[in-house]
Amino acid sequence: MSTYVNRLGEDLPRIGASPAGTAVAVWSLDTTLDVVGGHRIEDALPILDAGERERAGRLLRAGDRHRYLASHVGLRVLLGGYLGLAPQDVVLVREDCPCCDGPHGRPAVAGGAVQFSLSHSDDLAYLAFAAVPVGVDVEAVPSAAAVRDVLTALHPAETAELSALPAEEQPGALARLWSRKEAYFKGTGTGLALGLAEPYVGSGPTPSQVPGWHLTDLPTPPAYAAALALRS
């Protein structure tokens, strides 16, 4: 499955119909923008709900807070477009956790009319929308130290794959692998609760498929990797 990545910028986007069937819409966003989808980030708080405002308020660094606000304004602009609602009228909830049934599973729209996933890394955010559970993840290529830190926590075959690569190729391969695994975890709603070893997704040019899901890599700017997981 080849997936086109739309770009959300300063202007109100031309969104189109909400994805149906197995269709998926993916958007990227530069989270340093001062205006996202026609909304100034410095005036964004009224668009967000109480939980989002509280999380933004806990971010001490101005840059981190700006990136958070930009990504959530972008999410609400796009969800509002698909649902025919103003961004501030989109009601976000949490599904039950598949591991413990607690109310901290996948973020969702009340009523479930569209499924979504949001990921951000450094100054880049990716957002995915579908009619079925979906996960998206974007990762900046990590340092060599980060490779060493997680190497033994992965699936044994993934550890072997990365270890066999020249040192200079390992960070890029880990970014590919990590984005695939995180996209799957976001799609299922389990997060990292069950560890990093399963499922095996591979670090090569093409992701290994996981039963019940379709994994695909997404195009990115240099020094990033991104992946999409869609329930099949």
For E10 the rounded accessible area (nearest 10 Å², probe 1.4 Å, non-protein molecules ignored) is 100 Å²
Of the range 40-71, those with amide N under 18 Å from the point 7 Å along the Cα→Cβ vector of D11 are 40
Quick calc, the range 1-135, dipole around Cα centre from Cβ unit charges on Lys, Arg (+) and Asp, Glu (-), nearest 20 debye, gives 80 debye
Listed by chain and number, the residues whose amide H is under 5 Å from that of C97, excluding neighbours fewer than 5 places away on the same chain and using placed H, are G102, H104, G105
In debye to the nearest 20, the charge dipole size for the chain, taken about the Cα centre with +1 at each Lys and Arg Cβ and -1 at each Asp and Glu Cβ, equals 280 debye
For the chain, the percent of accessible surface on carbon and sulfur atoms (probe 1.4 angstrom, ligands and nucleic acids excluded) is 54 percent
On each of the three principal axes the extent of the alpha-carbon atoms of the range 1-119, given in whole Å and largest first, is 37, 36, 26
Rounded to one decimal in nm, the spacing of the 7 Å Cα→Cβ label points at V91 and A20 is 2.5 nm
The answer for the range 139-232, accessible area per residue at 1.4 Å probe in Å², is 45 Å²
To the nearest 0.05, the calculated FRET efficiency linking D123 and T206 through their beta-carbon distance, R0 being 25 Å, is 0.35
Expected sort for 171-177, 78-84, 42-48 on mean C-beta neighbours within 10 Å, highest first, is 171-177, 78-84, 42-48
Applying the gyration tensor rule to the Cα atoms of the range 148-232 (axes a ≥ b ≥ c; rounded if a/c under 1.5, else prolate if a/b exceeds b/c, else oblate), the class is oblate
Measure of exposure for T206: accessible area at 1.4 Å probe, Å² rounded to 10, is 110 Å²
Computed ³J(HN,Hα) along the range 145-153: with the Karplus parameters 6.51/-1.76/1.60, θ = phi - 60°, integer Hz and x for glycine or proline, the list is 5, 5, 4, 4, 5, 9, 3, 7, 8
Between A146 and R58, the FRET efficiency computed from the C-beta separation at R0 = 30 Å comes out, to the nearest 0.05, as 0.75
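The values are calculated or read from the model by the stated rules, or taken from the named source; none is laboratory data. Just so you know, these numbers come straight off a predicted model, no measurement behind them. Here Cβ is always computed from backbone atoms with ideal geometry, including for glycine, and neighbour counts include all displayed protein chains. In case anyone asks, the SASA skips ligands and DNA or RNA and just uses the protein heavy atoms, side chains included. Shrake-Rupley method; radii C 1.70, N 1.55, O 1.52, S 1.80 Å.
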